[in-house]
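Before I ask anything, let me first share the structure, which is written out below as structure tokens.
The values are calculated or read from the model by the stated rules, or taken from the named source; none is laboratory data. Small disclaimer: the values here were computed from a predicted structure and weren't measured. A quick note on method: Cβ atoms are made from the backbone with ideal geometry, for glycine too, and the neighbour counts reach across all protein chains shown.
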Amino acid sequence: MDLLWIFFGAMVVFFGSFVGGYTGQMLFNYNHEKRITSLELKSVSALGVAAKQDKTARTQEAMTKAILIFKDEGIPKDEKLKHLAALAGEYPDVAFDLAKKLNKNGGLGGLI
């Protein structure tokens, strides 16, 4: 009878250590996955911020050139639209945003 209790005790210890080790390994893996995901999100966020700053700089540069086109008295009124189209070809990624801003402020109303 004592041998049976020792056997069951050994089985309980064996299975307990197996389950405890498995649980510990799962928690360890979960923490590492959580850290990796956090680092990935930080790097993606940093890339997004850099892309947004780059687009903002390009938008400001294109807006400045568009304003110079509008203010230039040497360019005939019918030629200004051609110059703006060339500007849109130079900055295709921000051309739509630029057109929306200019139209909202009444900038294109005098040309069209």
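From the list GLY9, GLY48, GLY21, which residue is surrounded by 10 or more Cβ atoms within 10 Å (Cβ to Cβ), closer than 30 Å to PRO92 by Cα and either touching a residue at least 12 places away in the same chain (Cβ under 8 Å) or not hydroxyl-bearing (Ser, Thr, Tyr) (or both)?
GLY48
Please verify whether region 19-40 includes one or more residues that are at pLDDT below 85, of a type in the set (A, V, I, L, M, F, W, C) and within 22 Å of the chain's Cα centre (by Cα).
no
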